[in-house]
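Trainee: The structure under discussion is supplied below as structure tokens; questions concerning it will follow.
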Amino acid sequence: MLIQFDCCDCIMKQTLQMARDLSPLPEKRWEFFGEFLKIFQKLHGIASPPELAAEYFELYKKMSGIEDGFEVIKRRSTELGRALYDELETLCLASGNDAFINRVKLAVSGNMIDYGVNPDFDLACAEKHIREVLELPCDTAALDDLKCRIGKAESILYILDNCGEAVLDRLLLETMKDKVTIGVRGKPILNDMTRKELAASALDDFPVIDTGCNAPGAPLRLISPEFRHKMESVDLVIAKGQGNFESLEGFFTARPVYFLFRAKCPVIQEYLGVSFGSLQIQGRNLTVK
């Protein structure tokens, strides 16, 4: 989906905070903001929010010299996911007929650990957000269809989103372990998963491919030819998180895809007609053979 006018609230808040973090000097802050405005002018109307983020975060890296400003946050988020994993896996195993439902819900639960939508996010609240997801309603018809497609598929690409959340993705990945490849970001961006965090997230035993870019999603214009080929050749794509939804919604039509995320901003809420924090299981291209 393209950048919407109401995306500007979030974009400007994040950009101004990045300018403040960049330097205490007003001239450096104005320089960053001026360059950002050039990027925005170039991309609005033709690009998705993750494509815009890719460019202005690259600008920030160039001006600050900081390659990965979220390294500590990613480590702490991963530690939280690891601390909860065994308990949540036991819960899933004891769920009987509801096991798949709970695996999906808990895999989505960590999607609230999102510093892109909310730079003021408090990691201390994350466990509450993770546990509350079990009580949330979901689209049972979509869930049944997803389960059926996972069972029938011979090849699946599962595109990860945030650190911490990715640890809990294993709860769902275990149901497709013999046929899944996991996708990660090609370069550091926000608290999103890259190859670097796979081992700490206990996900280094899966085949992996990266997007080849630093967008917090998988925009078709930025991903590598190898990643695009993978997306267009598997039987099923499962894309986690709002960034993957924003970058692919309306652009990717080649294969069946399920987007799994929690609605976390007014633009997405209005676009889908859903409530804040609701659990989304959004299928697209489901008639593609």
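The values are calculated or read from the model by the stated rules, or taken from the named source; none is laboratory data. Please read these numbers as outputs of a predicted model, since none were measured by experiment. Glycine also receives a Cβ, built like all others from the backbone with ideal geometry; neighbour counts cover every protein chain displayed. We work out accessible area using only protein heavy atoms, side chains counted, and drop any ligands, DNA or RNA first. Shrake-Rupley method; radii C 1.70, N 1.55, O 1.52, S 1.80 Å.
Trainee: Please verify whether Leu2 is assigned to a loop (DSSP other than H, G, I, E, B) and either touching a helix residue (DSSP H, G or I) at 6+ places or on another chain (Cβ under 8 Å) or surrounded by 16 or more Cβ atoms within 10 Å (Cβ to Cβ) (or both), treating the condition exactly as stated. Please lay out each step first, then the result.
Mentor: Numbers: assigned to a loop (DSSP other than H, G, I, E, B): yes; either touching a helix residue (DSSP H, G or I) at 6+ places or on another chain (Cβ under 8 Å) or surrounded by 16 or more Cβ atoms within 10 Å (Cβ to Cβ) (or both): yes.
For Leu2, the condition - assigned to a loop (DSSP other than H, G, I, E, B) and either touching a helix residue (DSSP H, G or I) at 6+ places or on another chain (Cβ under 8 Å) or surrounded by 16 or more Cβ atoms within 10 Å (Cβ to Cβ) (or both) - is met.
Trainee: Counting just the residues of region 20-62 that are aliphatic (A, V, I, L, M) and more than 24 Å from Gln242 (Cβ to Cβ), which one comes out surrounded by the fewest Cβ atoms within 10 Å (Cβ to Cβ)?
Mentor: Filtering region 20-62 for residues aliphatic (A, V, I, L, M) gives 22, 25, 37, 39, 43, 46-47, 52-54, 59.
Filter again for more than 24 Å from Gln242 (Cβ to Cβ), leaving 22, 25, 37.
Working: Leu22: 18, Leu25: 9, Leu37: 12.
It comes out as Leu25.
Trainee: Do you know which residues across region 240-254 are touching a helix residue (DSSP H, G or I) at 6+ places or on another chain (Cβ under 6 Å) and part of a loop (DSSP other than H, G, I, E, B)?
Mentor: Gly241, Ala254
Trainee: Residues in region 273-284: is at least one part of a loop (DSSP other than H, G, I, E, B), among the polar types (S, T, N, Q), buried (at least 22 other Cβ atoms within 10 Å of the Cβ) and touching a residue at least 24 places away in the same chain (Cβ under 8 Å)? Walk me through it before giving the result.
Mentor: Of all residues in region 273-284, those part of a loop (DSSP other than H, G, I, E, B) come to 273-278.
Narrowing further to those that are among the polar types (S, T, N, Q): 275, 278.
After this cut, where a residue has to be buried (at least 22 other Cβ atoms within 10 Å of the Cβ) as well, the list is none.
No, because not a single residue in region 273-284 is part of a loop (DSSP other than H, G, I, E, B), among the polar types (S, T, N, Q), buried (at least 22 other Cβ atoms within 10 Å of the Cβ) and touching a residue at least 24 places away in the same chain (Cβ under 8 Å).
Trainee: Identify, by number, the condition in (1) open to solvent by 30 Å² or more (accessible area, probe 1.4 Å); (2) under 29 Å from Leu134 (Cβ atoms); (3) at pLDDT 95 or above that Val104 doesn't meet.
Mentor: With (1) open to solvent by 30 Å² or more (accessible area, probe 1.4 Å); (2) under 29 Å from Leu134 (Cβ atoms); (3) at pLDDT 95 or above applied to Val104, the lone miss is (1).
Trainee: With the structure loaded, tell me whether Ser95 is out of contact with any strand residue (DSSP E or B) (no Cβ under 7 Å at 6 or more places or on another chain), modelled with pLDDT under 90 and of a type in the set (S, T, N, Q) or whether it fails that test.
Mentor: Yes, satisfied.
Trainee: Would you pick out the residues in region 148-166 that are open to solvent by 30 Å² or more (accessible area, probe 1.4 Å), over 15 Å from Val257 (Cβ atoms) and outside any helix (DSSP H, G or I)?
Mentor: Glu154
Trainee: Sticking with this one: Given the condition crowded, with 17+ Cβ neighbours inside 10 Å, within 30 Å of Leu203 (Cα to Cα), among the acidic types (Asp, Glu) and at pLDDT 95 or above, answer yes or no: does some residue in region 111-120 qualify?
Mentor: no
Results for (1) part of a strand (DSSP E or B); (2) under 15 Å from Asn111 (Cβ atoms); (3) among the polar types (S, T, N, Q); (4) open to solvent by 40 Å² or more (accessible area, probe 1.4 Å), shown as yes or no for each residue.
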| residue | (1), (2), (3), (4) |
| --- | --- |
| Asp205 | no, no, no, yes |
| Ile209 | yes, no, no, no |
| Pro219 | no, no, no, no |
| Ile223 | no, no, no, no |
| Glu226 | no, no, no, yes |
| Val237 | yes, no, no, no |
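Trainee: OK, next. Quick one: which residue in Asp169, Asp145 is surrounded by 22 or more Cβ atoms within 10 Å (Cβ to Cβ), touching a strand residue (DSSP E or B) at 6+ places or on another chain (Cβ under 8 Å) and at pLDDT 95 or above?
Mentor: Result: Asp169 is the single residue among Asp169, Asp145 that is surrounded by 22 or more Cβ atoms within 10 Å (Cβ to Cβ), touching a strand residue (DSSP E or B) at 6+ places or on another chain (Cβ under 8 Å) and at pLDDT 95 or above.
Trainee: Find the residue count for region 80-96, including only residues that are free of Cβ contacts under 8 Å to residues at least 40 places away in the same chain and of a type in the set (Asp, Glu).
Mentor: Result for region 80-96: 2.
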